[in-house]
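Asker: Quick one: structure below, then a few questions.
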Amino acid sequence: MSRISTTFEALRSQGRKALIPYVTAGFPFADITPELMHGMVAAGADVIELGVPFSDPMADGPVIQKAGEKALALGVGTRQVLAMVREFRQRDTKTPVVLMGYANPVERYDLTHGKDAFIRDAAAAGVDGVLVVDYPPEECEEFAAKLKANSMDLIFLLAPTSTDERMQQVARVASGYVYYVSLKGVTGAGHLDTGAVEQMLPRIRRHVHIPVGVGFGIRDAPTAKAIGKVADAVVIGTKIIQLAESQPRDGVVPAVSEFLRGIRSALDA
């Protein structure tokens, strides 16, 4: 059983929901990410999604796009992201880490370092899951099997426009959890309709029998609490990036931690 599955099992037995913060690796300072990850865990994070910087992130809104551009300018690529995970693992061997990104960096890494090098090196670093936004489920069964053989999960996005057929395709290859994108559009866009999410989740669960996390548009404790009533996990990214961006270096971890403690309290209330 993967670290992600173990974490969700433990939370389910406690009647609690997972808090999954997203941060772009290497933002807002190239060396702050492991420290920030530890701060988020101390504040109540159950799983961490770590964004792999990429120059053309089609699913990301302007806030996360800008964070990725800054991280790239600071010299942060896939190799550096894996080094950050290794550093985090020196003190934390329990909290699952999911790399979230796009096909190009994964395939470029393999071209540079050899066939299946990304899977090999991600597993060695202590990665638990991979979410590749532009990998369709019907084209990556082999990739999913290789990840699973290395105790890693392949996580997929579902959207309000996902058909029953697409949900069935995802259900065949996904493990760990699925990430339901609650809004049409990019990260940070629009106003979250919690009623629409509540209606959609039973439909997803008819096909998908692993935990369902919900993200895009969750920016405060009341919204997180409302989503936590119906989902297995709450994913928050854009608001965290905005908080981190607004702080001097020594204020980043305290500001993000304080925000997440409020979300954790709302989820547990």
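Just so it is clear, none of the values below were taken in a lab; they were calculated from the coordinates. Because the structure is a prediction, the values reported are computed rather than measured. Because the Cβ atoms are built from the backbone with ideal geometry, glycine has one as well, and the counts that use them run over all protein chains shown.
Asker: Starting from the 7 Å offset along Cα-to-Cβ, what nm value, one decimal, do you get for the label separation of A83 and R172?
Answerer: 4.1
Asker: Same structure again: Enumerate the amide H contacts of Y180 below 5 Å, restricted to partners 5 or more residues apart or on another chain; note that Pro and chain-start residues carry no placed amide H.
Answerer: L158, G213, V214, G215
Asker: Please count, across the chain, the pairs of lysine residues with Cα atoms under 15 Å apart that sit 8 or more places apart or on different chains.
Answerer: Numbers: K17/K225; K17/K229; K66/K239; K115/K146.
Pairs that pass both the separation and distance tests number 4.
Asker: Sort largest first and round to whole Å: the equivalent ellipsoid semi-axes of the chain, each the square root of five times a Cα gyration tensor eigenvalue. Don't skip to the end; give the middle numbers.
Answerer: Working: eigenvalues 117, 106, 63 Å².
So the three semi-axes of the chain are 24, 23, 18 Å.
Asker: Now, a different point. Given the rule -39500 (n - 2.57) for each run of at least 4 DSSP H residues, summed and divided by the residues of the chain, what is its mean residue ellipticity at 222 nm, to the nearest 500 deg cm²/dmol? Numbers along the way, then the final one.
Answerer: Details: 12 runs with 135 residues, N = 269.
Taking each H run of at least 4 residues, the total per residue is -15500 deg cm²/dmol.
Asker: What does the charge count near G114 come to, summing +1 for each Lys or Arg and -1 for each Asp or Glu among other residues with Cβ under 11 Å from its Cβ?
Answerer: Values: positive: K115, R120; negative: D110, D116, D121.
Neighbourhood net charge equals -1.
Asker: Highest mean first, what order results for 91-99, 241-249, 207-215 on Cβ atoms within 10 Å? Before the final figure, lay out the partial values.
Answerer: Working: 91-99: 18.0, 241-249: 15.4, 207-215: 20.4.
Top to bottom by mean Cβ count within 10 Å: 207-215, 91-99, 241-249.
Asker: Same structure again: Taking θ = phi - 60°, what integer Hz values does the Karplus form 6.51 cos²θ - 1.76 cosθ + 1.60 yield along the range 128-142, in sequence order, with x for Gly and Pro?
Answerer: 10, x, 9, 10, 9, 3, 9, 9, x, x, 5, 10, 9, 5, 5
Asker: Follow-up. Around P136, under 14 Å between beta carbons, what's the net of Lys plus Arg minus Asp minus Glu among the other residues? Please report the intermediate quantities before stating the final value.
Answerer: Working: positive: R166, R172; negative: D134, E138, E139, E141, E142, E165.
Net of charged neighbours comes to -4.
Asker: Could I ask something else about it? Can you tell me, using C-alpha contacts under 8 Å and at least 6 residues apart, the relative contact order of the range 3-264 as a whole percent?
Answerer: Numbers: 471 pairs, mean separation 58.2, N = 262.
Result for the range 3-264 is 22 percent.
Asker: Please list, ordered by chain and number, the residues whose modelled amide H lies under 5 Å from the amide H of T24; skip anything fewer than 5 residues away on the same chain.
Answerer: For T24, the qualifying residues are G51.
Asker: Next question, about the same structure. Karplus couplings for the range 68-82 from phi (6.51 cos²θ - 1.76 cosθ + 1.60, θ = phi - 60°), rounded to Hz, Gly and Pro as x?
Answerer: Once θ is set to phi - 60°, the couplings for the range 68-82 become x, 4, 5, 4, 4, 5, 7, x, 8, x, 4, 4, 5, 4, 5 Hz.
Asker: Further question on the same structure: Through the Karplus equation 6.51 cos²θ - 1.76 cosθ + 1.60, θ set to phi - 60°, convert the phi angles of the range 26-43 into ³J(HN,Hα) values in whole Hz; use x for Gly and Pro.
Answerer: x, 10, x, 10, 4, 9, 8, 4, x, 4, 5, 4, 4, x, 5, 5, 4, 7
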